[in-house]
Amino acid sequence: MEIKRYFFASNTKDGFVNFSDNIIDDRFSGFTYVLKGGAGTGKSTFIKKVGEYFYNKGLNIEYFHCSFDKNSLDGVRLKDYNIAIVDGTNPHVMEVSMVGVNGKILNVGDFISENIIKNKTEIEKNLSKKKNYYKIANQYINGAGVLYDLNNKTLVSEVNDKEVIIKTEQLIASLKLKGLDFGVKKGRERKLFSKSIGVEDNSFERENDYKEIVYIEGNKAQNQLTLKVLLKKLLNLGVDVTVFCDVLDSSLIESLYIESIDVLIKEKVYVEPIDEKRKLIEQNEKQIAFFIKKAKYYLEKAKKAHLAVEKFYIKNMNFDRLNNLQTETIKEIEEKIKKT
């Protein structure tokens, strides 16, 4: 049994990108519990306790962390049974397409006392602060993304197409994948994030403890083309691939994960000798680092405003009813597992 940790959403140069539809593998029957409720209503703790319970029962678990704060959880999936519990509130709103058939809404907001209305003014004030801090942080992320895109385009002219083809063929041969059959069935492409721009350095690469990490070395543009060609070839060979998207530009690939052999394939940017082009790239990279630092500063301020809102809800939340719902949900999941 194992635990893997990912993000299904992240702030990027193009705004908030949400891949919550990729939590469940829709090729197979599955079930999603969607949690609804405000800050401080215990959703993250609910998700954590359910995950811990089934992990201790010997199941493989996928945790999905909050891109804003990696210490908070936005989802958990029992991988062996394709059952998930997901926070479906703003900014990653999620609904159930067929209630009772493939999902269920759990509204923990029902357990909030009516006395919360007394804190309306303070809640509104802190939510407004949080929104403004987020907006400023996203402007810095967008600025970093513009320079990041410029750096990548600067290197496009140096891409060697022939070398990309040779490298991808060598990589596929080195992976020693079994049961490949070109064109018979298409592999599944699952988009997620392995890291995010948040209050902390949000990455779980070490915690995920991959069996092997394979590096592709070259300049950024060369690496991107290699990863894209490799992805296409693997999918055509029927291999399921998780695409970890770049946190600054989600149209780019940060790394590829082949779950069947527990191998992560990622880029290792090769540093060329200094010339005018490299000097420009280095200058832009320093500015990108500055913008990201500023974004994190405002995300930290947004977090403080968020925690201020949470305090009011925590004081007005009936956690006994929440714990009962958690127990009922675990029993319900166990019944679904028995029927599988």
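On the given criteria, is Glu332 under 21 Å from Asn115 (Cα atoms) and in a helix (DSSP H, G or I)?
No.
Scan Lys277, Lys294, Lys233, Lys286 and give me the residue that is assigned to a helix (DSSP H, G or I) and without any contact (Cβ under 8 Å) to a residue 24 or more places away in the chain.
Lys286
Restricting the range 236-272 to residues that are over 19 Å from the mean Cα position of the chain (by Cα) and in a strand (DSSP E or B), which is modelled with the lowest pLDDT?
Here the residue is Val269.
Suppose the filter is assigned to a strand (DSSP E or B), out of contact with any Pro (no Cβ under 7 Å at 6 or more places or on another chain), at negative phi and without any contact (Cβ under 8 Å) to a residue 60 or more places away in the chain; does Leu227 pass it?
When the stated conditions are applied, Leu227 does not pass them.
Confirm whether Ile136 is closer than 20 Å to Lys311 by Cβ, of a type in the set (A, V, I, L, M) and in a helix (DSSP H, G or I).
Considered against the rule, which asks whether it is closer than 20 Å to Lys311 by Cβ, of a type in the set (A, V, I, L, M) and in a helix (DSSP H, G or I), Ile136 comes out as no.
So, in the range 173-215, of the ones that are among the hydrophobic types (A, V, I, L, M, F, W, C) and modelled with pLDDT of 90 or more, which residue ends up farthest from the chain's Cα centre (by Cα)?
It comes out as Val214.
What number of residues within the range 15-58 are touching a Leu at 6+ places or on another chain (Cβ under 6 Å), within 14 Å of Leu322 (Cβ to Cβ) and among the aromatic types (Phe, Trp, Tyr)?
Matching residues across the range 15-58 total 1.
What are the residues in the range 284-331 that are of a type in the set (D, E, K, R) and either under 19 Å from Ser10 (Cα atoms) or within 27 Å of the chain's Cα centre (by Cα) (or both), if any?
Glu285, Lys286, Lys293, Lys294, Lys296, Glu300, Lys301, Lys303, Lys304, Glu310, Lys311
Which of the residues belonging to the range 83-109 are free of Cβ contacts under 8 Å to residues at least 60 places away in the same chain and either hydroxyl-bearing (Ser, Thr, Tyr) or in contact with a Lys or Arg (Cβ under 9 Å, 6 or more places away or on another chain) (or both)?
Correct list: Asp87, Thr89, Ser97.
The values are calculated or read from the model by the stated rules, or taken from the named source; none is laboratory data. Given the structure is predicted, the values throughout are model-derived calculations rather than measurements. With ideal geometry, Cβ positions are generated from the backbone for all residues, glycine too; neighbour counts draw on all protein chains shown.
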